[in-house]
Amino acid sequence: MLVDRARSDGLQLTGEGGLLQQLTKRVLESALEGEITDHVGYEKHDATGRNSGNSRNGTRAKTVLTDVGPVEVRVPRDVAGTFEPQIVKKRQRRLTGIDEMVLSLSAKGLTHGEISAHLAEIYGANVSKQTITTITDAVMESMAEWQSRPLDRVYPVVFIDAIHVRIRDGQVANRPVYVAIAVTADGYREILGLWTGQGGEGAKYWQTVLTEIRNRGVRDVLMLVCDGLTALSEAVTAIWPQTVVQTCVVHLIRNSLRYGSRRDTAEIARDLKPVYTAVDESQARCRLTEFKEKWDSRYPSIGGIWERSWNEFVPFLSLPPAIRQVVYTTNAIESLNARYRRAAQACGHFPNETATLKRLYLATLALDPTGRGRQRWSNRWKAALNEFDVLFDGRLTANQV
C-alpha cells in the first residue's frame, strides 16, 4: 500500500514523512501489537478478553530515533500495567541501529559534535553531544574485558610501539599510548592491548606493560620487535629470559637517513643495504666498516646509530629468509598506529586517559570489517611460522599444550 501511494502521490523515500519512516512505523507498531496480544492472551477486539483479569488500555505516543530518522509509534498499554514491550522498551528512545551508527562514526574519527551534526543533516534527528557520549560510554565494560582477557601461552613474534596523543591533565600535554601486537601460532594478528603512560616513551613503563601481558597467560615470546628503545632488552629479559629482542631494521634506516643531506639520501641508502642484507654478522661488520670509511667524515652520526644498536640488530642476520621478510619492519604496527593517530587527531585533545582509550578502542573495533586483512596477514606468515619452530627448538609448539 505504501509503495502504491509513493508511486501515485510522489511520496519521497527518505526524510520527514517519507516511505521508509512510515514503513518503519508500521513494522514497529505491528510488532508491539503482537507483543501485547501475547501478554494479555487474546487478539484485539476478541470477546474472550472480557473479564480476563487484564485487558488492553489504549496506546501512548512515543518518538524513537531510528536509522531512517525520528519515528512516532503508538505503544500499547494494559490495565494492570504489567506489559513490558521488548521491540521498543520502556524509556528507550533509540533503536540499536542508531547506537551502532554512532559507534561506527566515532571509530572512524568523527567528534561528538560532528556526529550530532551528521545525524541532524541526514536524518533530521536532534541528538545531543551528551547523548552521543552516553552511547559511546556503553563500550567501557567490553573494553575492560578486552584489556584483561586471557592471552595465548606463546607467541612467535610481538611487535611493540607507542604513539603520542594530547591529553588534558591540568594542562594539555603529549602523552604516550603503548600498543602491542602479536602474531599467533596460527599466523593471525592479535592486538594485545592499549596502555597510557606518563611523559616520553621509556623502557621502564614498557616493562610494566610486558609484565601485565605475562600475567595474562603469556609464558613465552620467541621474538620481540621494537624501534630500538634503549635498555628495553634488559626489561624484556627480566620477563621472558629466552626472548630475542630485535630492532626494526627500517627504523635504523630511517634514523640514518635523517642525518644525511637530501642529495645524498639515495647513495646512503644504497651503501647501507649490504649491511642489513649480509649473510652473517662478520660480513655485516665488514660492510659497516666500509660504510663508515666512506661517510664518517661527513655524517659520523649514522655509523654511531648502527654501532649503538648493533646487539639488537645482529639477531636479524641469523634468521632464515622467510623470517627476515616478516620481522624486517614494524610496519604492521605502524599501519595500525596510523589509524589510531587519525582517530586521535580528529579530537584535538582528550579530556582524560579514559576518553583516550575509549576512542582508540572504538577504532580497534572498526579495523578490517571484511576480514580480508586478517587472511592476508595469515598467508604472509605461513612459511615463517614453520621456520620459527625449527629455529627456536620447538618452543612454539611445545608451549601451546
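Residue count for the stretch 345-370 under the criterion of being open to solvent by less than 70 Å² (accessible area, probe 1.4 Å), farther than 30 Å from T243 by Cβ and within 18 Å of the chain's Cα centre (by Cα): the result is 8. In this structure, D169 does satisfy being open to solvent by 40 Å² or more (accessible area, probe 1.4 Å), out of contact with any strand residue (DSSP E or B) (no Cβ under 6 Å at 6 or more places or on another chain), charged (D, E, K, R) and over 25 Å from A383 (Cβ atoms).
Specify the residue that is surrounded by the most Cβ atoms within 10 Å (Cβ to Cβ); the eligible residues are those in the stretch 287-326 that are among the basic types (K, R) and modelled with pLDDT under 90.
Of the stretch 287-326, the ones among the basic types (K, R) are 287, 292, 294, 298, 308, 324.
Filter once more, keeping what is modelled with pLDDT under 90: 308, 324.
Numbers: R308: 13, R324: 17.
Taking the candidates together, the pick is R324.
Being out of contact with any Ser or Thr (no Cβ under 6 Å at 6 or more places or on another chain), small (G, A, S), surrounded by 18 or more Cβ atoms within 10 Å (Cβ to Cβ) and assigned to a helix (DSSP H, G or I) narrows it down to one of A269, A284, A338, so name that one. Quick ask: steps written out before the conclusion?
Details: A269 fails: surrounded by 18 or more Cβ atoms within 10 Å (Cβ to Cβ); A338 fails: surrounded by 18 or more Cβ atoms within 10 Å (Cβ to Cβ).
When all the criteria are applied, what remains is A284.
Listed here are the strands (runs of 3 or more DSSP E) enclosed by the stretch 129-238 that have at least 2 residues being among the aromatic types (F, W, Y): 154-169.
Test D220 against the criterion of being surrounded by 16 or more Cβ atoms within 10 Å (Cβ to Cβ) and in contact with a His (Cβ under 7 Å, 6 or more places away or on another chain), and give yes or no. Criteria not met by D220. Of all residues in the stretch 247-265, those satisfying the criterion of being over 23 Å from I160 (Cβ atoms) and not in a helix (DSSP H, G or I) are Y259, G260, S261.
Yes/no matrix, rows are residues, columns are (1) of a type in the set (D, E); (2) open to solvent by less than 40 Å² (accessible area, probe 1.4 Å); (3) at pLDDT 75 or above:
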residue: H39; (1), (2), (3): no, no, yes
residue: E43; (1), (2), (3): yes, no, yes
residue: N54; (1), (2), (3): no, yes, yes
residue: T63; (1), (2), (3): no, no, yes
residue: R74; (1), (2), (3): no, no, yes
residue: L95; (1), (2), (3): no, yes, no
residue: E100; (1), (2), (3): yes, no, no
residue: G124; (1), (2), (3): no, no, no
residue: M140; (1), (2), (3): no, no, yes
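Among the charged types (D, E, K, R), open to solvent by less than 60 Å² (accessible area, probe 1.4 Å) and more than 20 Å from T247 (Cβ to Cβ): does that describe D264? Criteria met by D264.
Only residues that are in contact (Cβ under 8 Å) with a residue 12 or more places away in the chain and within 20 Å of R359 (Cα to Cα) were counted across the stretch 162-189, and they come to 16. Of the residues making up the stretch 347-381, those that are farther than 24 Å from V165 by Cβ and touching a helix residue (DSSP H, G or I) at 6+ places or on another chain (Cβ under 9 Å) number 3.
Within the stretch 363-386, does at least one residue satisfy the condition of being within 28 Å of V102 (Cα to Cα), among the β-branched types (V, I, T) and part of a loop (DSSP other than H, G, I, E, B)? Checking the stretch 363-386: at least one residue is within 28 Å of V102 (Cα to Cα), among the β-branched types (V, I, T) and part of a loop (DSSP other than H, G, I, E, B).
The values are calculated or read from the model by the stated rules, or taken from the named source; none is laboratory data. Because the structure is a prediction, the values reported are computed rather than measured. Backbone-built Cβ (ideal geometry, glycine too); neighbour counts: all protein chains shown. SASA here: full protein model, heavy atoms, side chains in, ligands and nucleic acids out. Shrake-Rupley method; radii C 1.70, N 1.55, O 1.52, S 1.80 Å.
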